[in-house]
Amino acid sequence: MNILLLGSGGREHALAWKMLQSPKCDKLFVAPGNAGTDAIATNVNISPLDFEAVKQLAVEQAINMVVVGPEDPLVKGIYDYFKNDNELKHIPVIGPSQHGAQLEGSKEFAKKFLIKNNIPTAAYSSFSKETVEDGCRFLETLKAPYVLKADGLAAGKGVLILNDLAEAQQELRNMLVGAKFGQASAKVVIEEFLSGIELSCFVLTDGKSYKLLPMAKDYKRIGEGDTGLNTGGMGAVSPVPFADEVFLQKIEERIVKPTIQGLKNDNIEYKGFVFIGLIKVGDEPYVIEYNVRMGDPETEVVIPRLTSDLVELFEAVAEERLGDAVLETDERSATTVMVVSGGYPEDYEKGKAISGLADVEGSVVFHAGTKTENGNVVTSGGRVLAVTSYGDTWADAIKKSYQNIEKLHFDKMYYRKDIGFDL
Ligand code: AMP
Ligand code: GLY
């Protein structure tokens with residue numbers, strides 16, 4: 001069949017790499033893609049948010065399935081757009097309906113869903129411009145640190161964690177009254193602070209049943225020892241050594257099952273990935289957030305550990321027979337290290353020539369912010385490459401990633417040398 005994959009990051013290169021291993025995949029189009037997907041599939045330079053252009057491509061290329069990488073088109077309703085269009089409704093979209101995508105698109109929606117379904121999460125209250133002073137008084141009843149979350153999508157920047165009460169109150173006003181994150185902070189969720197170690201749980205669902213994918217842990221801060229600014233993710237490992245059988249059982253029973261049941265109870269159409277951001281407090285799992293897509297760079301370790309045919313799994317999702325499907329995984333560990341542009345996550349330069357890609361041995365390099373220019377691969381984003389390796393342990397795997405990164409070069413290249421330091 002002909003498949004259209006939307007997105008352009010390391011996640012999409014990993015999904016493309018895996019789908020192309022399926023005998024069921026005839027032609028793969030990626031919109032807009034990057035230099036990595038350009039080398040293995042057909043890139044089409046359209047935005048995943050331009051639904052009219054996506055439609056035209058789907059019709060022209062006789063697309064049989066659409067796989068959505070990032071959250072924005074899902075929150076904007078691409079699933080429903082296909083379902084409600086006569087020329088498109090026969091084409092399954094892997095991703096939730098717009099209603100389901102609210103789990104990521106609105107923090108308040110997600111919190112209400114969690115509480116309603118008795119899923120462990122931080123206590124919270126939400127506030128708007130009209131109730132900003134109530135919010136300031138609510139902060140006085142909490143202990144530091146204070147967690148403020150813009151309700152809507154804010155490109156990963158909408159969560160503030162502050163130690164000082166007056167500063168937290170000022171930031172609450174900035175968000176609600178000053179529109180610090182635009183419409184995304186028209187509502188703000190204030191949450192109890194949870195202290196623990198974070199990990200990511202990935203679920204594939206057809207809305208009725210589900211399959212668990214391997215767990216992963218990502219490293220979000222730019223600096224070694226988890227210091228400095230937040231990024232999209234600087235590296236990841238899978239499996240997660242501290243997530244033992246007993247802990248995994250708690251996650252499945254207390255969090256995954258009630259999540260899928262909650263979707264069913266509310267008649268929320270959901271045929272795609274659920275990414276549950278978790279925190280381990282003592283020995284107990286709590287939900288920090290839902291995302292309605294795969295994580296990046298977690299995908300670059302989770303998908304390589306999948307031994308089953310991903311296209312077959314997606315077909316099972318589309319046809320609501322995931323319950324009968326089998327999802328098998330590779331016993332080995334996988335690690336990935338993100339190679340980024342100097343300056344990221346703040347200002348950085350683009351267009352730097354990347355060398356050494358052909359010298360990599362024993363790792364898979366997934367491209368993120370790259371593009372092809374006159375036949376050369378150059379940087380085009382903050383996160384540039386994800387270097388993924390397998391090993392009998394995560395420590396064996398990470399050694400290979402680092403050995404191969406030494407062969408890569410571009411001007412002002414940076415990466416964290418301590419991925420896995422806390423395991
Ligand atoms: P989110 O966008 O909801 O994932 O939040 C971004 C980051 O803020 C998370 O990855 C956590 O590190 C942190 N965070 C969010 N909520 C809490 C909380 N209630 N307690 C402690 N840390 C949190
Ligand atoms: N790596 C975290 C995310 O994809 O949101």
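Taken over the stretch 229-241, the criterion of being of a type outside the set (A, V, I, L, M) and either within 16 Å of ligand 1 (Cβ to nearest atom) or touching an Asp or Glu at 6+ places or on another chain (Cβ under 8 Å) (or both) is satisfied by 230, 231, 232, 233, 235, 238.
The C-beta contact set for the stretch 226-255 (first residue over 27 Å from residue 153 (Cβ atoms) and open to solvent by 10 Å² or more (accessible area, probe 1.4 Å), second residue of a type outside the set (A, V, I, L, M, F, W, C) and away from ligand 1 (no atom under 16 Å from the Cβ), distance under 6 angstrom, 6+ apart or interchain) comprises 239/214. Determine whether the stretch 126-148 contains at least one residue that is on the phi < 0 side of the Ramachandran plot and within 16 Å of ligand 2 (Cβ to nearest atom). No, the stretch 126-148 contains no residue that is on the phi < 0 side of the Ramachandran plot and within 16 Å of ligand 2 (Cβ to nearest atom). Is there a residue in the stretch 82-97 that is farther than 22 Å from residue 176 by Cα, in contact with a strand residue (DSSP E or B) (Cβ under 7 Å, 6 or more places away or on another chain) and either within 14 Å of ligand 1 (Cβ to nearest atom) or assigned to a helix (DSSP H, G or I) (or both)? Looking through the stretch 82-97, at least one residue is farther than 22 Å from residue 176 by Cα, in contact with a strand residue (DSSP E or B) (Cβ under 7 Å, 6 or more places away or on another chain) and either within 14 Å of ligand 1 (Cβ to nearest atom) or assigned to a helix (DSSP H, G or I) (or both).
Of the residues 355, 380, 363, 401, only one is in contact with a Gly (Cβ under 7 Å, 6 or more places away or on another chain) and among the hydroxyl-bearing types (Ser, Thr, Tyr); which? Of 355, 380, 363, 401, the one residue that is in contact with a Gly (Cβ under 7 Å, 6 or more places away or on another chain) and among the hydroxyl-bearing types (Ser, Thr, Tyr) is 380.
Hey, can you tell me all the residues within the stretch 46-80 that are in a loop (DSSP other than H, G, I, E, B), open to solvent by 50 Å² or more (accessible area, probe 1.4 Å) and within 19 Å of residue 10 (Cβ to Cβ)? Walk me through it before giving the result.
Going through the stretch 46-80, the residues in a loop (DSSP other than H, G, I, E, B) turn out to be 46-50, 61-64, 69-71, 76-77.
This time we only want the ones that are open to solvent by 50 Å² or more (accessible area, probe 1.4 Å), so: 47, 49-50, 61-62, 64, 76.
Result: 47, single match.
Applying the condition of being surrounded by fewer than 23 Cβ atoms within 10 Å (Cβ to Cβ) and farther than 14 Å from residue 63 by Cα to the stretch 20-34 and asking which residue is farthest from ligand 2 (Cβ to nearest atom) yields 23.
Could you say whether any residue in the stretch 205-225 is of a type in the set (Asp, Glu), closer than 16 Å to residue 296 by Cα, within 16 Å of ligand 1 (Cβ to nearest atom) and in contact (Cβ under 8 Å) with a residue 40 or more places away in the chain? Yes, because at least one residue in the stretch 205-225 is of a type in the set (Asp, Glu), closer than 16 Å to residue 296 by Cα, within 16 Å of ligand 1 (Cβ to nearest atom) and in contact (Cβ under 8 Å) with a residue 40 or more places away in the chain.
Scanning the stretch 1-19 for residues that are surrounded by fewer than 24 Cβ atoms within 10 Å (Cβ to Cβ) and part of a strand (DSSP E or B) turns up just one, 2.
Only one of the numbered conditions (1) away from ligand 1 (no atom under 15 Å from the Cβ); (2) out of contact with any helix residue (DSSP H, G or I) (no Cβ under 9 Å at 6 or more places or on another chain); (3) open to solvent by less than 50 Å² (accessible area, probe 1.4 Å) is violated by residue 196, and that is (1).
For the stretch 307-324, the count of residues that are under 13 Å from residue 214 (Cα atoms), in contact (Cβ under 8 Å) with a residue 40 or more places away in the chain and away from ligand 1 (no atom under 16 Å from the Cβ) is zero.
Considering (1) more than 16 Å from ligand 1 (Cβ to nearest atom); (2) under 16 Å from residue 203 (Cα atoms), say which one residue 267 fails and leave the rest. All conditions pass for residue 267, except number (2). If the condition is being in contact with a helix residue (DSSP H, G or I) (Cβ under 8 Å, 6 or more places away or on another chain) and either among the hydroxyl-bearing types (Ser, Thr, Tyr) or surrounded by 11 or more Cβ atoms within 10 Å (Cβ to Cβ) (or both), then the stretch 323-358 contributes 325, 327, 329, 330, 332, 333, 334, 335, 336, 337, 338, 339.
The values are calculated or read from the model by the stated rules, or taken from the named source; none is laboratory data. Owing to the predicted nature of the structure, the values given are computational and were not obtained by experimental measurement. Methodologically, a virtual Cβ is constructed for each residue, glycine included, from the backbone with ideal geometry; neighbour enumeration extends over all protein chains shown. For accessibility, only protein heavy atoms count, side chains too; no ligands or nucleic acids. Shrake-Rupley method; radii C 1.70, N 1.55, O 1.52, S 1.80 Å.
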